[in-house]
Amino acid sequence: MTSVSASGQGAEYAATASEAYQAALRVIETVEPRVAEATRKELADQRDSLKLIASENYASPAVLLTMGTWFSDKYAEGTVGHRFYAACQNVDTVEALAAEHARELFGAPYAYAQPHSGIDANLVAYWAILATMVEAPGLAEMGAKHINDLSEADWEKLRAKLGNQRLLGMSLDTGGHLTHGFRPNISGKMFHQRQYGTDPTTGFIDYDAVAASAREFKPLVLVAGYSAYPRRVNFAKMREIADEVGATLMVDMAHFAGLVAGKVFTGDEDPVPHAHVVTTTTHKSLRGPRGGLVLATEEFAPAVDKGCPMVLGGPLSHVMAAKAVALAEARQPEFRTYAQAVADNAQALADGFVKRDAGLVTGGTDNHLVLLDVTSFGLTGRQAESALLDSGIVTNRNAIPADPNGAWYTSGIRFGSPALTTRGFGADEFDRVAELVVEVLSNTQPAAGPNGPSKAKYTIADGVADRVHAAASELLEANPLYPGLTL
Ligand code: DSN
(Lines give C-alpha, C1' and ligand atoms only; values in the text may rest on other atoms or scores of the structure.)
Protein backbone atom coordinates (compact mmCIF):
# COMPACT_ATOMS: atom_id res chain seq x y z
CA MET A 1 0.00 0.00 0.00
CA THR A 2 1.01 3.63 -0.30
CA SER A 3 2.88 4.75 2.79
CA VAL A 4 0.73 6.80 5.16
CA SER A 5 3.69 7.31 7.45
CA ALA A 6 3.95 10.61 9.31
CA SER A 7 7.53 10.63 8.12
CA GLY A 8 6.65 9.98 4.50
CA GLN A 9 6.59 13.65 3.63
CA GLY A 10 9.35 13.69 1.08
CA ALA A 11 13.11 13.68 0.83
CA GLU A 12 13.65 17.31 1.80
CA TYR A 13 11.64 16.96 5.01
CA ALA A 14 13.56 13.79 5.92
CA ALA A 15 16.95 15.37 5.15
CA THR A 16 16.14 18.41 7.29
CA ALA A 17 14.94 16.20 10.15
CA SER A 18 18.16 14.14 9.85
CA GLU A 19 20.27 17.28 10.20
CA ALA A 20 18.23 18.37 13.21
CA TYR A 21 18.55 15.05 15.05
CA GLN A 22 22.23 14.57 14.19
CA ALA A 23 23.01 18.05 15.51
CA ALA A 24 20.88 17.55 18.64
CA LEU A 25 22.62 14.26 19.47
CA ARG A 26 26.05 15.85 18.96
CA VAL A 27 25.06 18.55 21.47
CA ILE A 28 23.78 15.96 23.99
CA GLU A 29 26.98 13.92 23.53
CA THR A 30 29.06 16.80 24.84
CA VAL A 31 27.37 16.46 28.24
CA GLU A 32 26.26 12.84 28.72
CA PRO A 33 27.21 10.60 25.80
CA ARG A 34 25.41 7.62 27.34
CA VAL A 35 22.07 9.40 26.93
CA ALA A 36 22.86 10.16 23.28
CA GLU A 37 23.82 6.52 22.79
CA ALA A 38 20.62 5.23 24.45
CA THR A 39 18.60 7.61 22.27
CA ARG A 40 20.22 6.27 19.09
CA LYS A 41 19.73 2.72 20.33
CA GLU A 42 16.06 3.32 21.09
CA LEU A 43 15.53 4.35 17.47
CA ALA A 44 17.45 1.32 16.24
CA ASP A 45 15.40 -1.01 18.49
CA GLN A 46 12.10 0.56 17.41
CA ARG A 47 13.18 0.26 13.79
CA ASP A 48 13.93 -3.44 14.23
CA SER A 49 10.83 -4.66 16.05
CA LEU A 50 7.25 -5.31 15.13
CA LYS A 51 5.59 -2.80 17.44
CA LEU A 52 2.08 -4.08 18.10
CA ILE A 53 1.31 -2.39 21.42
CA ALA A 54 -2.16 -0.96 20.84
CA SER A 55 -1.47 2.23 22.78
CA GLU A 56 1.78 3.13 20.99
CA ASN A 57 2.57 4.83 17.71
CA TYR A 58 5.34 6.82 15.99
CA ALA A 59 4.90 10.60 16.10
CA SER A 60 6.29 12.62 13.22
CA PRO A 61 9.69 14.34 13.42
CA ALA A 62 7.84 17.69 13.47
CA VAL A 63 5.90 16.64 16.58
CA LEU A 64 8.96 15.15 18.29
CA LEU A 65 11.19 18.12 17.52
CA THR A 66 8.61 20.54 18.88
CA MET A 67 8.99 18.95 22.32
CA GLY A 68 12.70 19.73 22.55
CA THR A 69 12.56 23.50 23.03
CA TRP A 70 12.74 26.28 25.61
CA PHE A 71 8.98 26.13 26.09
CA SER A 72 9.97 23.40 28.54
CA ASP A 73 11.52 26.09 30.75
CA LYS A 74 8.40 28.22 31.13
CA TYR A 75 5.89 28.15 33.98
CA ALA A 76 2.36 29.01 32.88
CA GLU A 77 -0.13 27.97 35.54
CA GLY A 78 -3.58 29.33 34.77
CA THR A 79 -5.32 29.49 31.42
CA VAL A 80 -4.81 31.32 28.13
CA GLY A 81 -4.69 35.06 28.87
CA HIS A 82 -5.08 34.48 32.62
CA ARG A 83 -1.82 33.18 34.07
CA PHE A 84 -0.30 33.15 37.52
CA TYR A 85 3.10 33.90 35.91
CA ALA A 86 4.37 36.77 33.79
CA ALA A 87 5.61 36.57 30.19
CA CYS A 88 3.30 33.77 29.04
CA GLN A 89 2.38 35.37 25.70
CA ASN A 90 4.01 32.64 23.61
CA VAL A 91 2.61 29.84 25.75
CA ASP A 92 -0.79 31.49 25.20
CA THR A 93 -0.19 31.25 21.46
CA VAL A 94 0.60 27.53 21.42
CA GLU A 95 -2.04 26.53 23.97
CA ALA A 96 -4.70 28.48 22.06
CA LEU A 97 -3.58 26.82 18.81
CA ALA A 98 -3.74 23.34 20.33
CA ALA A 99 -7.25 24.02 21.66
CA GLU A 100 -8.40 25.53 18.37
CA HIS A 101 -7.14 22.56 16.33
CA ALA A 102 -8.78 20.16 18.80
CA ARG A 103 -12.13 21.97 18.63
CA GLU A 104 -12.06 22.03 14.84
CA LEU A 105 -10.84 18.46 14.44
CA PHE A 106 -13.38 16.92 16.82
CA GLY A 107 -16.22 19.42 16.41
CA ALA A 108 -16.18 20.16 20.13
CA PRO A 109 -17.41 23.41 21.69
CA TYR A 110 -14.43 23.52 24.10
CA ALA A 111 -10.98 21.91 24.35
CA TYR A 112 -8.43 21.91 27.17
CA ALA A 113 -4.87 21.04 26.15
CA GLN A 114 -3.11 21.08 29.53
CA PRO A 115 -3.42 17.54 30.94
CA HIS A 116 -0.04 15.84 31.07
CA SER A 117 -1.47 12.35 30.54
CA GLY A 118 -4.67 10.37 30.14
CA ILE A 119 -5.00 9.86 33.88
CA ASP A 120 -4.63 13.61 34.40
CA ALA A 121 -7.28 14.24 31.76
CA ASN A 122 -9.65 11.85 33.53
CA LEU A 123 -9.00 13.44 36.91
CA VAL A 124 -9.68 16.89 35.44
CA ALA A 125 -12.91 15.53 33.96
CA TYR A 126 -14.01 13.94 37.24
CA TRP A 127 -13.28 17.14 39.08
CA ALA A 128 -15.20 19.16 36.49
CA ILE A 129 -18.21 16.82 36.72
CA LEU A 130 -18.22 16.94 40.51
CA ALA A 131 -17.78 20.71 40.55
CA THR A 132 -20.48 21.30 37.92
CA MET A 133 -23.07 18.78 39.03
CA VAL A 134 -22.60 18.96 42.78
CA GLU A 135 -21.17 22.41 43.34
CA ALA A 136 -24.10 24.45 42.04
CA PRO A 137 -26.75 23.44 44.60
CA GLY A 138 -24.04 23.19 47.24
CA LEU A 139 -22.91 26.73 46.60
CA ALA A 140 -26.41 28.13 46.50
CA GLU A 141 -27.16 26.53 49.84
CA MET A 142 -23.95 27.93 51.24
CA GLY A 143 -24.46 31.42 49.86
CA ALA A 144 -21.20 31.40 47.89
CA LYS A 145 -20.75 32.40 44.24
CA HIS A 146 -17.64 30.40 43.44
CA ILE A 147 -16.06 27.31 44.85
CA ASN A 148 -13.06 29.37 45.91
CA ASP A 149 -15.34 31.50 48.16
CA LEU A 150 -16.17 28.61 50.43
CA SER A 151 -15.15 28.71 54.06
CA GLU A 152 -13.40 25.74 55.60
CA ALA A 153 -16.67 24.74 57.30
CA ASP A 154 -18.49 24.86 53.96
CA TRP A 155 -15.74 22.78 52.38
CA GLU A 156 -16.43 20.21 55.05
CA LYS A 157 -20.09 20.08 53.96
CA LEU A 158 -19.13 20.00 50.29
CA ARG A 159 -16.67 17.19 50.90
CA ALA A 160 -19.51 15.18 52.39
CA LYS A 161 -21.52 15.76 49.20
CA LEU A 162 -18.60 15.15 46.83
CA GLY A 163 -17.52 12.08 48.68
CA ASN A 164 -20.87 10.40 48.33
CA GLN A 165 -21.00 10.15 44.55
CA ARG A 166 -21.34 7.14 42.34
CA LEU A 167 -19.47 6.18 39.17
CA LEU A 168 -20.38 3.36 36.78
CA GLY A 169 -17.57 2.32 34.43
CA MET A 170 -16.36 -0.66 32.42
CA SER A 171 -14.42 -3.26 34.39
CA LEU A 172 -10.70 -3.66 33.81
CA ASP A 173 -10.90 -7.33 32.83
CA THR A 174 -13.52 -6.66 30.14
CA GLY A 175 -11.49 -3.83 28.62
CA GLY A 176 -12.07 -0.74 30.77
CA HIS A 177 -9.25 1.34 32.20
CA LEU A 178 -7.87 1.63 35.74
CA THR A 179 -9.28 5.15 35.95
CA HIS A 180 -12.82 4.01 35.15
CA GLY A 181 -13.52 3.07 38.76
CA PHE A 182 -11.11 0.13 39.25
CA ARG A 183 -11.14 -0.28 43.01
CA PRO A 184 -7.36 0.05 43.65
CA ASN A 185 -7.19 3.23 41.51
CA ILE A 186 -8.02 6.66 42.94
CA SER A 187 -11.17 6.70 40.75
CA GLY A 188 -12.39 3.63 42.64
CA LYS A 189 -11.60 5.26 45.94
CA MET A 190 -12.96 8.79 45.39
CA PHE A 191 -16.25 7.48 44.01
CA HIS A 192 -18.60 4.77 45.14
CA GLN A 193 -18.11 2.60 42.11
CA ARG A 194 -19.85 -0.13 40.24
CA GLN A 195 -18.52 -1.78 37.12
CA TYR A 196 -20.29 -3.03 34.03
CA GLY A 197 -18.82 -5.84 31.95
CA THR A 198 -19.48 -7.59 28.69
CA ASP A 199 -21.80 -10.43 27.76
CA PRO A 200 -20.05 -13.63 28.90
CA THR A 201 -21.05 -15.46 25.72
CA THR A 202 -20.36 -12.87 23.02
CA GLY A 203 -17.83 -10.61 24.75
CA PHE A 204 -19.78 -7.57 23.50
CA ILE A 205 -21.16 -4.78 25.70
CA ASP A 206 -24.75 -5.60 26.65
CA TYR A 207 -26.45 -2.18 26.66
CA ASP A 208 -29.56 -3.55 28.38
CA ALA A 209 -27.39 -4.83 31.22
CA VAL A 210 -25.62 -1.44 31.46
CA ALA A 211 -29.01 0.31 31.56
CA ALA A 212 -30.32 -2.05 34.25
CA SER A 213 -27.22 -1.47 36.36
CA ALA A 214 -27.49 2.31 35.88
CA ARG A 215 -31.18 2.28 36.91
CA GLU A 216 -30.34 0.42 40.09
CA PHE A 217 -27.10 2.26 40.96
CA LYS A 218 -28.06 5.78 39.78
CA PRO A 219 -24.52 7.01 39.10
CA LEU A 220 -23.47 10.63 38.89
CA VAL A 221 -20.99 9.62 36.19
CA LEU A 222 -21.37 6.96 33.51
CA VAL A 223 -17.96 6.28 31.95
CA ALA A 224 -17.70 4.80 28.46
CA GLY A 225 -14.50 4.00 26.60
CA TYR A 226 -11.90 1.29 26.89
CA SER A 227 -8.29 0.27 26.53
CA ALA A 228 -8.71 -3.39 25.61
CA TYR A 229 -12.21 -3.86 24.14
CA PRO A 230 -11.88 -4.79 20.48
CA ARG A 231 -15.26 -3.42 19.39
CA ARG A 232 -16.96 -0.11 18.71
CA VAL A 233 -19.26 1.49 21.28
CA ASN A 234 -22.64 3.03 20.55
CA PHE A 235 -22.30 6.34 22.38
CA ALA A 236 -25.83 7.44 21.48
CA LYS A 237 -27.12 4.46 23.48
CA MET A 238 -24.76 5.29 26.34
CA ARG A 239 -26.11 8.85 26.38
CA GLU A 240 -29.69 7.55 26.46
CA ILE A 241 -28.80 5.45 29.50
CA ALA A 242 -27.09 8.41 31.17
CA ASP A 243 -30.07 10.70 30.47
CA GLU A 244 -32.57 8.19 31.79
CA VAL A 245 -30.86 8.08 35.20
CA GLY A 246 -29.70 11.72 35.28
CA ALA A 247 -26.01 10.80 34.95
CA THR A 248 -23.23 12.71 33.21
CA LEU A 249 -21.71 10.78 30.29
CA MET A 250 -17.94 10.88 30.20
CA VAL A 251 -16.16 9.12 27.35
CA ASP A 252 -12.48 8.24 27.54
CA MET A 253 -11.48 7.92 23.88
CA ALA A 254 -7.73 7.68 24.54
CA HIS A 255 -7.36 4.52 22.49
CA PHE A 256 -9.52 5.39 19.52
CA ALA A 257 -9.16 9.20 19.25
CA GLY A 258 -7.35 8.71 15.93
CA LEU A 259 -10.34 6.83 14.54
CA VAL A 260 -12.65 9.63 15.68
CA ALA A 261 -10.32 12.28 14.24
CA GLY A 262 -10.00 10.32 10.99
CA LYS A 263 -13.82 9.98 10.69
CA VAL A 264 -13.80 6.19 10.86
CA PHE A 265 -16.08 6.45 13.89
CA THR A 266 -18.99 8.70 12.99
CA GLY A 267 -22.66 9.08 14.01
CA ASP A 268 -23.47 6.98 17.07
CA GLU A 269 -19.80 5.85 17.26
CA ASP A 270 -18.43 9.39 17.54
CA PRO A 271 -18.43 10.23 21.25
CA VAL A 272 -18.11 13.99 20.87
CA PRO A 273 -21.74 14.85 19.98
CA HIS A 274 -23.09 12.50 22.64
CA ALA A 275 -20.89 12.90 25.74
CA HIS A 276 -20.85 15.78 28.19
CA VAL A 277 -17.10 15.41 28.63
CA VAL A 278 -14.61 13.52 26.43
CA THR A 279 -11.05 12.78 27.49
CA THR A 280 -8.16 11.42 25.49
CA THR A 281 -4.46 10.94 25.32
CA THR A 282 -2.71 12.43 22.32
CA HIS A 283 -0.03 9.79 21.70
CA LYS A 284 -1.94 6.63 20.80
CA SER A 285 -3.92 6.33 17.55
CA LEU A 286 -3.94 10.14 17.38
CA ARG A 287 -0.16 9.97 16.77
CA GLY A 288 0.83 13.06 18.75
CA PRO A 289 3.10 13.78 21.71
CA ARG A 290 2.69 12.00 25.04
CA GLY A 291 -0.09 13.93 26.80
CA GLY A 292 -3.80 14.40 27.44
CA LEU A 293 -6.73 16.49 26.25
CA VAL A 294 -10.26 17.19 27.49
CA LEU A 295 -13.21 18.18 25.29
CA ALA A 296 -16.40 19.43 26.88
CA THR A 297 -19.77 21.01 26.32
CA GLU A 298 -20.23 24.68 27.28
CA GLU A 299 -21.79 23.56 30.55
CA PHE A 300 -18.67 21.78 31.76
CA ALA A 301 -16.09 24.08 30.15
CA PRO A 302 -15.68 26.53 33.07
CA ALA A 303 -14.86 23.74 35.51
CA VAL A 304 -12.55 21.93 33.07
CA ASP A 305 -10.77 25.24 32.52
CA LYS A 306 -9.79 25.19 36.21
CA GLY A 307 -7.94 21.89 35.71
CA CYS A 308 -4.83 23.87 36.61
CA PRO A 309 -4.51 24.64 39.50
CA MET A 310 -7.36 22.48 40.89
CA VAL A 311 -5.91 19.18 39.61
CA LEU A 312 -2.76 19.90 37.58
CA GLY A 313 0.50 21.69 38.15
CA GLY A 314 2.16 23.91 35.60
CA PRO A 315 1.34 22.89 32.02
CA LEU A 316 4.03 21.29 29.86
CA SER A 317 4.15 24.11 27.34
CA HIS A 318 6.56 22.29 25.02
CA VAL A 319 4.12 19.37 24.87
CA MET A 320 1.14 21.67 24.29
CA ALA A 321 3.09 23.12 21.34
CA ALA A 322 3.63 19.59 20.02
CA LYS A 323 -0.09 18.85 20.51
CA ALA A 324 -0.84 21.84 18.26
CA VAL A 325 1.48 20.42 15.57
CA ALA A 326 0.05 16.89 15.84
CA LEU A 327 -3.54 18.11 15.76
CA ALA A 328 -2.70 20.22 12.68
CA GLU A 329 -1.37 17.01 11.08
CA ALA A 330 -4.54 15.14 12.05
CA ARG A 331 -6.63 17.77 10.26
CA GLN A 332 -4.94 16.92 6.94
CA PRO A 333 -6.83 14.63 4.54
CA GLU A 334 -3.97 12.06 4.73
CA PHE A 335 -4.90 11.40 8.35
CA ARG A 336 -8.29 10.03 7.27
CA THR A 337 -6.50 7.60 4.95
CA TYR A 338 -4.28 6.61 7.87
CA ALA A 339 -7.21 6.10 10.27
CA GLN A 340 -9.11 3.95 7.79
CA ALA A 341 -5.96 1.89 7.22
CA VAL A 342 -5.61 1.40 11.00
CA ALA A 343 -9.11 -0.13 11.14
CA ASP A 344 -8.63 -2.18 7.95
CA ASN A 345 -5.30 -3.51 9.18
CA ALA A 346 -6.68 -4.55 12.57
CA GLN A 347 -9.36 -6.42 10.66
CA ALA A 348 -6.72 -8.15 8.53
CA LEU A 349 -4.79 -9.13 11.66
CA ALA A 350 -7.93 -10.54 13.31
CA ASP A 351 -8.86 -12.44 10.13
CA GLY A 352 -5.30 -13.80 10.02
CA PHE A 353 -5.70 -15.17 13.56
CA VAL A 354 -9.18 -16.57 12.97
CA LYS A 355 -8.18 -18.44 9.83
CA ARG A 356 -5.30 -20.01 11.81
CA ASP A 357 -7.73 -21.08 14.57
CA ALA A 358 -6.39 -18.74 17.26
CA GLY A 359 -9.07 -17.71 19.80
CA LEU A 360 -10.04 -14.03 19.85
CA VAL A 361 -12.10 -12.24 22.48
CA THR A 362 -15.40 -11.34 20.70
CA GLY A 363 -14.21 -13.39 17.71
CA GLY A 364 -12.70 -10.40 15.90
CA THR A 365 -12.40 -6.62 15.89
CA ASP A 366 -13.93 -3.52 14.40
CA ASN A 367 -11.56 -0.97 15.88
CA HIS A 368 -7.75 -0.78 16.11
CA LEU A 369 -7.09 -3.63 18.52
CA VAL A 370 -7.28 -7.39 18.70
CA LEU A 371 -7.33 -9.40 21.93
CA LEU A 372 -5.91 -12.89 21.55
CA ASP A 373 -6.89 -15.51 24.13
CA VAL A 374 -3.62 -17.41 24.51
CA THR A 375 -5.14 -20.20 26.57
CA SER A 376 -5.84 -21.66 23.13
CA PHE A 377 -2.04 -22.20 22.97
CA GLY A 378 -1.84 -23.51 26.56
CA LEU A 379 0.07 -20.38 27.66
CA THR A 380 -0.35 -17.47 30.04
CA GLY A 381 -0.17 -13.93 28.70
CA ARG A 382 3.16 -13.49 30.43
CA GLN A 383 4.68 -16.53 28.68
CA ALA A 384 3.26 -15.50 25.31
CA GLU A 385 4.45 -11.89 25.66
CA SER A 386 8.00 -13.04 26.50
CA ALA A 387 8.17 -15.61 23.68
CA LEU A 388 6.97 -13.02 21.16
CA LEU A 389 9.52 -10.49 22.42
CA ASP A 390 12.29 -13.08 21.96
CA SER A 391 11.14 -13.25 18.33
CA GLY A 392 11.20 -9.48 17.68
CA ILE A 393 7.46 -8.96 18.22
CA VAL A 394 6.59 -6.33 20.85
CA THR A 395 3.15 -6.73 22.43
CA ASN A 396 1.64 -6.50 25.88
CA ARG A 397 -0.10 -9.13 27.93
CA ASN A 398 -3.62 -8.20 28.91
CA ALA A 399 -6.41 -9.66 31.00
CA ILE A 400 -9.34 -11.23 29.21
CA PRO A 401 -12.88 -11.25 30.67
CA ALA A 402 -12.99 -13.23 33.94
CA ASP A 403 -9.31 -13.97 33.49
CA PRO A 404 -8.27 -17.12 35.41
CA ASN A 405 -4.67 -15.83 35.57
CA GLY A 406 -5.45 -12.39 37.00
CA ALA A 407 -4.08 -9.01 35.93
CA TRP A 408 -0.36 -9.86 36.33
CA TYR A 409 0.09 -13.12 34.40
CA THR A 410 -3.13 -12.74 32.36
CA SER A 411 -4.47 -14.99 29.61
CA GLY A 412 -4.42 -12.53 26.74
CA ILE A 413 -2.17 -10.63 24.37
CA ARG A 414 -3.38 -7.27 23.10
CA PHE A 415 -2.36 -6.27 19.57
CA GLY A 416 -2.87 -2.88 17.94
CA SER A 417 -2.45 -1.71 14.36
CA PRO A 418 -1.69 2.06 14.75
CA ALA A 419 2.13 1.91 14.88
CA LEU A 420 2.79 -0.52 12.03
CA THR A 421 0.18 1.26 9.92
CA THR A 422 2.24 4.43 10.37
CA ARG A 423 5.20 2.48 8.96
CA GLY A 424 3.15 1.66 5.87
CA PHE A 425 2.06 -1.90 6.64
CA GLY A 426 -1.09 -3.00 4.79
CA ALA A 427 -3.47 -5.97 5.02
CA ASP A 428 -1.00 -8.47 3.49
CA GLU A 429 1.71 -7.53 5.98
CA PHE A 430 -0.74 -7.80 8.90
CA ASP A 431 -1.78 -11.24 7.72
CA ARG A 432 1.90 -12.21 7.70
CA VAL A 433 2.22 -10.80 11.24
CA ALA A 434 -0.63 -13.08 12.35
CA GLU A 435 1.18 -16.02 10.75
CA LEU A 436 4.43 -15.18 12.59
CA VAL A 437 2.65 -14.76 15.95
CA VAL A 438 0.91 -18.10 15.56
CA GLU A 439 4.21 -19.73 14.56
CA VAL A 440 5.85 -18.49 17.77
CA LEU A 441 2.99 -19.34 20.10
CA SER A 442 2.35 -22.78 18.69
CA ASN A 443 6.04 -23.57 19.19
CA THR A 444 6.13 -22.29 22.78
CA GLN A 445 5.57 -24.55 25.77
CA PRO A 446 5.04 -23.68 29.43
CA ALA A 447 8.06 -24.72 31.52
CA ALA A 448 8.30 -25.68 35.18
CA GLY A 449 9.88 -23.37 37.72
CA PRO A 450 11.90 -24.56 40.74
CA ASN A 451 8.68 -25.25 42.67
CA GLY A 452 6.51 -26.79 39.97
CA PRO A 453 4.40 -25.34 37.13
CA SER A 454 5.24 -21.72 36.37
CA LYS A 455 3.04 -19.01 34.85
CA ALA A 456 6.13 -17.15 33.64
CA LYS A 457 8.61 -19.73 32.38
CA TYR A 458 8.49 -21.15 28.87
CA THR A 459 10.59 -22.75 26.17
CA ILE A 460 10.51 -22.06 22.44
CA ALA A 461 11.35 -24.81 19.97
CA ASP A 462 14.89 -24.49 18.61
CA GLY A 463 15.37 -21.98 15.81
CA VAL A 464 11.81 -20.58 15.86
CA ALA A 465 12.59 -17.23 17.53
CA ASP A 466 15.51 -16.54 15.16
CA ARG A 467 13.54 -17.58 12.09
CA VAL A 468 10.57 -15.38 13.05
CA HIS A 469 12.82 -12.46 13.94
CA ALA A 470 14.45 -12.70 10.51
CA ALA A 471 11.03 -12.78 8.82
CA ALA A 472 9.92 -9.79 10.91
CA SER A 473 13.06 -7.89 9.89
CA GLU A 474 12.23 -8.48 6.22
CA LEU A 475 8.80 -6.90 6.73
CA LEU A 476 10.34 -4.02 8.68
CA GLU A 477 13.03 -3.31 6.12
CA ALA A 478 10.40 -3.13 3.40
CA ASN A 479 8.49 -0.56 5.50
CA PRO A 480 11.19 1.54 7.19
CA LEU A 481 10.53 3.68 10.23
CA TYR A 482 11.26 7.34 9.41
CA PRO A 483 12.45 6.66 5.87
CA GLY A 484 15.24 9.01 4.88
CA LEU A 485 16.09 9.82 8.48
CA THR A 486 19.78 8.97 8.74
CA LEU A 487 20.97 8.29 12.24
N1 DSN B 1 -1.20 2.37 29.22
C2 DSN B 1 -2.35 2.56 28.38
C3 DSN B 1 -2.60 1.39 27.51
O4 DSN B 1 -1.65 0.70 27.19
O5 DSN B 1 -3.72 1.16 27.11
C6 DSN B 1 -3.54 2.88 29.16
O7 DSN B 1 -3.20 3.67 30.26
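General remarks:
- Here the ratio of the Cα radius of gyration of region 342-441 to 2.2 N^0.38 Å is 0.97.
- Semi-axes of the equivalent ellipsoid for the chain, Cα gyration tensor, largest first, Å: 37, 30, 20
- Cα-derived Rg to Rh of region 31-87, Kirkwood definition: 1.14
- Surrounding net charge for Arg103, when Lys and Arg each add one and Asp and Glu each subtract one, Cβ distance under 15 Å: -4
- As a fraction of the 1.4 Å probe accessible area of the chain, surface on carbon and sulfur atoms comes out at 53 percent.
- Taking Lys and Arg as +1 and Asp and Glu as -1, the other residues whose beta-carbon sits under 15 Å from that of Asp270 total +1.
- Per residue, the chain exposes an accessible area of 41 Å² to a 1.4 Å probe, with every protein chain left in place.
- The largest-to-smallest principal axis extents of the Cα set in region 254-367 are 52, 26, 25 Å.
- Annotation: average projected area of region 218-303 is 5.8 square nanometres, based on the convex hull of Cα atoms across all directions.
- Quotient of C-alpha Rg and 2.2 N^0.38 Å, computed over region 287-338: 1.37
- Between region 13-82 and region 444-468, the C-alpha centres lie 36 angstrom from each other.
- Rg/Rh ratio calculated on Cα atoms of region 302-390 (Kirkwood radius): 1.18
- Unit charges at the beta carbon, dipole of the chain: most positive-side option, Met250, Leu130, Thr280: Leu130
- With the convex hull of the Cα atoms taken as the outline of region 419-487, the averaged projected area works out to 6.5 nm².
- Whole-percent pair-distance distribution, where bins are 5 Å wide, for the alpha carbons of region 194-268: 3, 15, 27, 25, 18, 10, 2, 0
The values are calculated or read from the model by the stated rules, or taken from the named source; none is laboratory data. Quick caveat: nothing in here was measured; it's all calculated off a predicted structure. We place every Cβ from the backbone using ideal geometry, glycine too, and count neighbours over all the protein chains shown. Protein only, heavy atoms only, side chains kept; ligands, DNA and RNA dropped before computing areas. Shrake-Rupley method; radii C 1.70, N 1.55, O 1.52, S 1.80 Å.
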